[in-house]
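Asker: Dropping the structure in here first, questions after.
The values are calculated or read from the model by the stated rules, or taken from the named source; none is laboratory data. Just so we're clear, the structure is a prediction, and the values are computed from it rather than from any experiment. In this analysis, Cβ positions are derived from the backbone assuming ideal geometry, glycine residues included, and neighbour counts consider all displayed protein chains. Please note that ligands, DNA and RNA were not included when accessible areas were found on the heavy atoms of the full protein model with its side chains. Shrake-Rupley method; radii C 1.70, N 1.55, O 1.52, S 1.80 Å.
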Amino acid sequence: MPTRKNSKKRQVILEALAATTAHPTAQELYQQLKPDYPDLSLGTVYRNLSLFAEEGDAMSVGVFRGQERFDARTEPHAHLHCAQCGLVIDVPLPGEPETQLCALAQSATDAKVLGCSITFTGLCKTCQQADKGSASE
């Protein structure tokens, strides 16, 4: 396998991803970085995010509203996706439920389970408060 060049753009993309808990899309990172890196292309951001996910430096947290979201935090944790505004929030998990769920899935299917991710769907605090506000009007 050829070694990958650790370019300045690649490093900047990873740093921008690591600096946020917003679980950005490639488009959002591109828009953030483009003013400082005018020769940056959206394709470069997409390719590097995919590469980071492959190499374990980042993870895809899923596709929400047609956009794949990414996270530089790769230790085991879950996510909550707000069904109303699309926000993705980190959810710490006690113990190691992923390990238990992977073992359960493997024994139930005789498949080799390589990993799992847990995503909750609900309403974030802001959307809950907005719903309460509109209900009282």
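Asker: Could you work out [θ]222 nm for the chain from helices alone, using -39500 (n - 2.57) per DSSP H run of at least four and dividing by all its residues? Round to the nearest 500 deg cm²/dmol.
Answerer: Taken over the chain, the calculation gives -12500 deg cm²/dmol.
Asker: May I ask you to list the residues of the stretch 64-93 whose amide nitrogen lies under 19 Å from a point 7 Å from Cα along the Cα→beta-carbon direction of Thr21?
Answerer: 69-83, 85-93
Asker: Compute the length gained on full extension between Lys112 and Glu55: take 0.36 nm times their separation in residues and subtract their Cα-Cα distance, giving the result in nm to one decimal.
Answerer: This chain segment gains 18.5 nm when fully extended.
Asker: Another question, if that's okay. Could you give the distance between the Cα centres of the stretch 56-111 and the stretch 11-41, to the whole Å?
Answerer: Taking the Cα centre of each part, the stretch 56-111 and the stretch 11-41 sit 22 Å apart.
Asker: Order Leu101, Leu51 by their accessible area, 1.4 angstrom probe, all chains in place, largest first.
Answerer: Leu101, Leu51
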